[in-house]
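The values are calculated or read from the model by the stated rules, or taken from the named source; none is laboratory data. For clarity, every value in this text was computed on a predicted model and none was experimentally measured. Backbone-built Cβ (ideal geometry, glycine too); neighbour counts: all protein chains shown.
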Amino acid sequence: MILIKIGGGAGINLKGIAADLGQLRAPFIIIHGANAARDDLAERLGLSKRVVTSVSGYSSVFSDPDAIDLLMMAYAGLRNKRIVELCQQHGINAVGLTGLDGRLIQGRRNRGVRVREEGRTKIVRDLSGKPERINVSLLQTLMDAGYAPVLTVPIIDETASAINSENDDITALVARETGADLVLQLIEAPGFMRDVRDPSSLIPHLSPEDISDWEMRAEGRIKRKLHALRKLLESGARSVVIADGRRERPVLDALDGLGTRVGDDHSRDLRGILRQPPVAATTG
Amino acid sequence: MILIKIGGGAGINLKGIAADLGQLRAPFIIIHGANAARDDLAERLGLSKRVVTSVSGYSSVFSDPDAIDLLMMAYAGLRNKRIVELCQQHGINAVGLTGLDGRLIQGRRNRGVRVREEGRTKIVRDLSGKPERINVSLLQTLMDAGYAPVLTVPIIDETASAINSENDDITALVARETGADLVLQLIEAPGFMRDVRDPSSLIPHLSPEDISDWEMRAEGRIKRKLHALRKLLESGARSVVIADGRRERPVLDALDGLGTRVGDDHSRDLRGILRQPPVAATTG
Amino acid sequence: MIAVGTAACPVCDSPVSLAADLTESEIIRCPDCGSELEVRSMEPAELVEAPVEEEDWGQ
Amino acid sequence: MIAVGTAACPVCDSPVSLAADLTESEIIRCPDCGSELEVRSMEPAELVEAPVEEEDWGQ
C-alpha cells in the first residue's frame, strides 16, 4: 500500500498528481494539507493567524475555534473535495474524509505547552493535539471495496471535539498502523534541500543519521519537519521519497528517482512495481 | 431506515437534533443544507449570489465555479464537519460525505435552462443539475459497519465534475433508492404553513391531493419545495414529517406528533418504534 | 431589424439573419422551419438547436 | 515584588505569594518544594501543577 502526502502549497500540481495516481496498480491513501488555501481564506475573511513557538523551538499555528472553522472550510471542504473531484476525473474512486469521520484519526488534546510571550513563560492551551490511533478497519473496508481514501485534518480528540494536528505526525501514524510500503511526500521543492534558496542543494539520499544531525541544528517548523521525518522512518515504511509536487508528472518522476530518497533502502527501483497502463475508470 | 433532512438555516438546533438522534435505535442517514452558512461566507468574501428564475417560475441560485467553491467550504466543510462532530459527541459514529465521495450521488448537468433576463429569453448553463443515481452499496457498507452517513452537496455529474443540486431532489432520490421508511424534514418553521407569517396557520396533515393543489398556485422556491415534496411521497416512504428544527428536542417532538404529517398514513404512532434509552457510544 | 449577418439553421439549413443586438446564448426561432435555436456564438455566428430541459433544474 | 495575595501550592500546600503583574496561565515555581505551578486564575487566586507536555505538539 502506498501513502501519498500532498503538501498544501498553491504551486502543487494536483491535476498532474491525480493523472499519475490513476496509473498506479497498488492501492493508495492520500493525506493532504491546505495551508495556502487556509491562509488565503483567513486573509479574505480578515482573520489573523497567531503562531506560537514553544520554549524548545517548536513553532505552530494557535488553533482557536475560528481556526478550526477555517480548517473545516479550507482543508476538509475546498481542498479535500477538489482533490476528490480530480481523482474521480482520472478513474480513481476517491472518498474524502477527516479524522472526525468515523473517528478515523483519534488524538489527545495537548494539556498545555510552554511558550515565551512578552517575557513570560505561559501555558498555552488550544484546539490542537497529537494523533494517537487510526480507525484502520474503516480504511480497510473502503479500500477493499475499491475506494481511495483522501484524508485531512481536523482529527477527533478524547472529548469527541475537532482539533488541529500536524499532517506529518498523522502521516507517520497512518504509515505505521496501515503498514505502508512506500511513503511519497510531494512538496513545493525539488526534495530535501541543504539550502531552500539554492536549487542545486538537493540532497539525493538522507540516512537516518543525517536526519538526526540536521534535527539538532534546525529550529521552528524545519525542526518539526525533521522530527516527523525521523518518526516516519521508525514507522517501518520500506521507502520514503520526498519529491517535487509542482512538476508535470510529479508521482511518475518521483518513482523514476527524482527527489530525495530517505532511509537506507535508496537503491530500490520503484518504477517497475508501480507503473501501469492507464487504469480503466472504476465506476461507483 | 430513517432519513433525516436538516435545513440549512442559522436557527436550526443542531445540538438538540444530535442529542435526539443519539437515542434512536433504527439506523439513519442525515442529509443537510447550509444556505445560511454559505450566504454568510459569500457576504464576508464579497461574493454576490445570482438567482435566476426559469420561464415557468422556478428560481434557483446560479452556480458558477465560485459558487461551487462556496458549497465545498460551507456545506461539505464547515456545516458537514460540525454536524459530524456533534454526532460523535452524542454517541453517533457519523461519516460525512458529499455526492463526489465514492460517486455517492451521481447526476446529470443541466443542458441549459431558459430564463428571462433583460427582456430576452436566454439559455443559462451553470454547474448544477439533477441527481439520478445513488451509490447505495457504499451507504450500505458504512451502515452495516455501524456508521451514520451525513450527506450534502456537491454531487458528481457525468463528466465527474462537482455540481450543485437541490437537496430536496437528493432527499427524494435517496429515500427511494434506500427504501427509507420514514423521512423527517427539520426546517425553520413549525411545519407546513398556510401563511409563513402566521404561526397559527400550521397544517397538521397534507394529503397528496393537497400538495398538487398547492403546487398549482405557488411560485419560485415554494413551487420547487412542493414539487420535491410530491416526489418524496412518490418515493414510497411510509411516513413523511415536516417539523420544527429549532425546538429543544426537535426529533423527539416530531415523533410525538408535532409538525405536519404528509401523505395518507398520518395516524401511525412513530414514538414507540423509535424511542430508546441512550445508545452506548459506539467506538470506531 | 439591422442584420449583421446570417447563420445556417442547424435543422433545415436555411439562412437565418441575426439582429445586431443579439447576444450569446439567446434563443431565436428559425423563420422557415420554426425550430427554437440558440445563439452559440456571434463571431463567427453559430446557431445550435436550443436544448429542451425539464423545468425544475439545479438548486 | 508587590504581592497581591497568596495561594496554596497544590503539591506541598505551603502559601505562595502572587506578584501583582502575574497573568493567567503563567508559570511560577513554588519557593518551598520547587514544583512548577500554573496560575489557573487570579480572582480567586488558584494554582495547579503545570502540565508536562511532550514538546512538539499540534500543527
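Residues of segment A:83-96 being more than 7 Å from every other protein chain (Cβ to nearest Cβ) and under 16 Å from the mean Cα position of the chain (by Cα), which ones?
A:I83
Among the residues of segment B:24-45, which ones are within 14 Å of chain C (Cβ to nearest Cβ) and touching a residue at least 40 places away in the same chain (Cβ under 8 Å)?
Matches in segment B:24-45: B:I31, B:H32, B:G33, B:A34.
Of all residues in segment B:29-60, count the ones that are surrounded by 21 or more Cβ atoms within 10 Å (Cβ to Cβ), under 30 Å from B:L182 (Cα atoms) and at pLDDT 95 or above.
Total satisfying the criteria: 8.
Name, by its number, the condition in (1) closer than 28 Å to A:L138 by Cα; (2) in contact (Cβ under 8 Å) with a residue 12 or more places away in the chain that does not hold for B:E188.
So B:E188 meets the others, but not (1).
Just to be sure before I move on: is B:D69 modelled with pLDDT of 95 or more and either facing chain A (nearest Cβ under 8 Å) or on the phi < 0 side of the Ramachandran plot (or both) in the structure I sent?
Values: modelled with pLDDT of 95 or more: yes; either facing chain A (nearest Cβ under 8 Å) or on the phi < 0 side of the Ramachandran plot (or both): yes.
So B:D69 fits the description; yes.
Among what's in segment C:26-54 and is within 13 Å of chain B (Cβ to nearest Cβ), surrounded by 14 or more Cβ atoms within 10 Å (Cβ to Cβ) and over 8 Å from the mean Cα position of the chain (by Cα), pick the residue that is nearest to B:N110 (Cα to Cα).
Filtering first and then ranking leaves C:E53.
Can you give me the number of residues within segment B:116-140 that are at the interface with chain C (Cβ under 10 Å from one of its Cβ atoms), of a type outside the set (S, T, Y) and either touching a residue at least 60 places away in the same chain (Cβ under 8 Å) or surrounded by fewer than 23 Cβ atoms within 10 Å (Cβ to Cβ) (or both)?
Selection size over segment B:116-140: 10.
Is segment B:109-118 home to any residue that is within 21 Å of the chain's Cα centre (by Cα) and not small (G, A, S)?
Taking segment B:109-118 and keeping what is within 21 Å of the chain's Cα centre (by Cα), we get B:109-110.
Filter again for not small (G, A, S), leaving B:109-110.
Yes, there is a match, as at least one residue in segment B:109-118 is within 21 Å of the chain's Cα centre (by Cα) and not small (G, A, S).
Regarding segment B:46-60, can at least one residue be identified that is touching an Asp or Glu at 6+ places or on another chain (Cβ under 9 Å), closer than 25 Å to A:R82 by Cα and touching a residue at least 40 places away in the same chain (Cβ under 8 Å)?
The answer is yes, given that some residue of segment B:46-60 is touching an Asp or Glu at 6+ places or on another chain (Cβ under 9 Å), closer than 25 Å to A:R82 by Cα and touching a residue at least 40 places away in the same chain (Cβ under 8 Å).
Quick test for you: out of A:T152, A:T121, pick the one residue that is β-branched (V, I, T) and under 25 Å from A:K15 (Cβ atoms). Before the answer, list the steps.
Numbers: A:T121 fails: under 25 Å from A:K15 (Cβ atoms).
Of the residues listed, the single one that is β-branched (V, I, T) and under 25 Å from A:K15 (Cβ atoms) is A:T152.
Identify all residues within segment B:5-35 that are more than 16 Å from B:E248 (Cα to Cα) and within 14 Å of the chain's Cα centre (by Cα); write none if there are none.
Within segment B:5-35, the first condition is being more than 16 Å from B:E248 (Cα to Cα), and the residues that meet it are B:5, B:8, B:24-35.
Across segment B:5-35, the qualifying residues are B:K5, B:G8, B:F28, B:I29, B:I30, B:I31, B:H32, B:G33, B:A34, B:N35.
What number of residues in segment B:243-257 are at pLDDT below 95 and outside any helix (DSSP H, G or I)?
2
Considering each of B:A228, B:A237 in turn, give the residue that is surrounded by 14 or more Cβ atoms within 10 Å (Cβ to Cβ), among the small types (G, A, S), in a helix (DSSP H, G or I) and modelled with pLDDT of 75 or more.
Details: B:A237 fails: in a helix (DSSP H, G or I).
When all the criteria are applied, what remains is B:A228.
Can you tell me which residue within segment A:141-162, out of those that are hydroxyl-bearing (S, T, Y), under 28 Å from A:A37 (Cα atoms) and at the interface with another protein chain (Cβ under 7 Å from one of its Cβ atoms), is farthest from the chain's Cα centre (by Cα)?
This residue is A:S161.
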